[in-house]
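Have a look at the structure below before the remarks.
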Amino acid sequence: MKILQFGQTGQVATAVQAAAKAAGVEVVALSRADCDLEHPEAIRAAILGADCDLVLNTAAFTQVDPAEAQPDAAFAVNAMAPGAMAETCAARGLPFVHLSTDAVFDGLADRAYVETDEARPINVYGRSKLAGEHAVLFYPRAVVLRISWVFSRYGRNYVSFMLRLAREREVLKVVADQFGTPTDGEALASFLIATAPRWAAAPAGDPAFGLFHFANAGETSRFEFARAAIDRDPQVRARVEPTTQAAFAEPAPRPPRTPLDTSKLQTVFGFTPELWRPAVERTADRLISLV
Ligand SMILES: NC(=O)c1ccc[n+]([C@@H]2O[C@H](COP(=O)([O-])OP(=O)(O)OC[C@H]3O[C@@H](n4cnc5c(N)ncnc54)[C@H](OP(=O)(O)O)[C@@H]3O)[C@@H](O)[C@H]2O)c1
């Protein structure tokens, strides 16, 4: 099993490379220097020249606030680039796996979102990611996994960030009125590596292709998410206090409540997500033991 991966240094990119190494799967991961996603011709050349069974895209313009000021770059990387990847994969007969986000929703529903719910993004990042989904899902052997609030031992993420701030600050104010489902990036990486042979073998029309939600089980607030990690650290300094989203004057609006329902994923792949809290605590313990 050989995978061509766009993205080398990002959080999910790093987790997938670690999971692949553990499973003995070959992943060739392309950095921004290897292939800049703002150049579709470089994307096509990379895929046409690759010796692989599947293409995975972990790279994206992920900075939600800068995206408001740079919509052209956000759409180039999050919409046009995955579209070019999916198109070139289809031309070569390769399956293509892409990652999207809960930020395609407006966050106003009173229950967890399913794949058939209407996506109504409220910021540039969400709109660019939704455009990417449409561009990718035009092709029959394509997969889009929507994930949310990703944490892991790797890269910059909410858990590592909160653990650092809780050691540095006297008071740490955390948003308590934003709700969602954290996603264990290492569980995601293991799932991607374990499922790659199925996608590689599946014909067009197989239920393994299409749109899926992937997240841990349960729903929580940003505040409880942070607390679950910080409470594991005996060297924590900060007093953790709840605040509101409105108290942070950020350029991009955030959807208030975007939990993802993973029933379709469970039915099609037989994958049972772990509850979010033990996964966060395990990751926090590992990160704390490293410092
Ligand atoms: N993190 C989350 O909470 C979260 C939530 C929902 C969905 N997602 C989705 O999950 C996926 C992975 O996210 P992540 O957390 O791993 O993101 P990340 O840590 O921010 O990594 C993003 C990666 O994209 C690369 N990249 C950005 N612009 C590029 C360009 N023009 N050309 C080539 N590479 C470029 C970055 O390269 P450099 O290192 O060179 O900048 C980096 O390797 C993305 O599709 C994201 O939208 C993430």
Inset, instruction - Compute the Kirkwood hydrodynamic radius of the chain, taking the inverse of the mean of 1/r over all pairs of distinct Cα atoms, and give it in Å to one decimal. - result: 19.4 Å
Legend entry - Accessible solvent surface per residue of the chain, calculated while the other protein chains remain in place, 1.4 angstrom probe, Å²: 43 Å²
Inset, instruction - Please report how far the C-alpha centroid of the range 68-110 lies from that of the range 122-197, rounded to the nearest whole angstrom. - result: 14 Å
Inset, instruction - Take the Cα of Phe248, step 7 Å along the line toward its Cβ, and report every residue of the range 125-162 whose backbone nitrogen sits under 18 Å from that point. - result: 125-127, 148-152, 156-162
Inset, instruction - Would you look at the GNM of the chain, springs on alpha carbons closer than 10 Å, and say which of Gly218, Gly49, Gly132 moves the most? - result: Gly49
Inset, instruction - Would you kindly derive the ³J(HN,Hα) couplings of the range 255-262 from the backbone phi angles with the Karplus curve 6.51 cos²θ - 1.76 cosθ + 1.60 (θ = phi - 60°), listing them in order in whole Hz, with x for Gly and Pro? - result: x, x, 8, 9, x, 9, 7, 9
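If I take every Cα pair under 8 Å that is 6 or more residues apart in the chain, average their sequence separation and divide by the length, what percent do I get for the relative contact order?
Relative contact order here is 22 percent.
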Inset, instruction - Using 0.36 nm per residue of separation minus the Cα-Cα distance, give me the extension gain between Arg237 and Val28 in nm, one decimal. - result: 71.1 nm
Inset, instruction - Classify the range 136-251 as rounded, prolate or oblate from the Cα gyration tensor: take a ≥ b ≥ c as the square roots of its eigenvalues, call it rounded if a/c is under 1.5, otherwise prolate when a/b beats b/c and oblate if not. - result: prolate
Inset, instruction - Rounded to the nearest 0.05, what FRET efficiency do Asp72 and Arg111 give with R0 = 41 Å and r taken as the Cβ-Cβ distance? Could you check? - result: 0.70
Legend entry - Of every Cα-Cα pair in the range 45-156, the percent that sits beyond 26 Å: 21 percent
Legend entry - the chain, accessible surface, carbon-and-sulfur percent (1.4 angstrom probe): 53 percent
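The values are calculated or read from the model by the stated rules, or taken from the named source; none is laboratory data. This is a predicted model, so every value here is computed, not measured. Virtual Cβ from ideal backbone geometry, glycine too; neighbours counted across all protein chains shown. Only protein heavy atoms, including side chains, enter the accessible area calculation; ligands, DNA and RNA are left aside. Shrake-Rupley method; radii C 1.70, N 1.55, O 1.52, S 1.80 Å.
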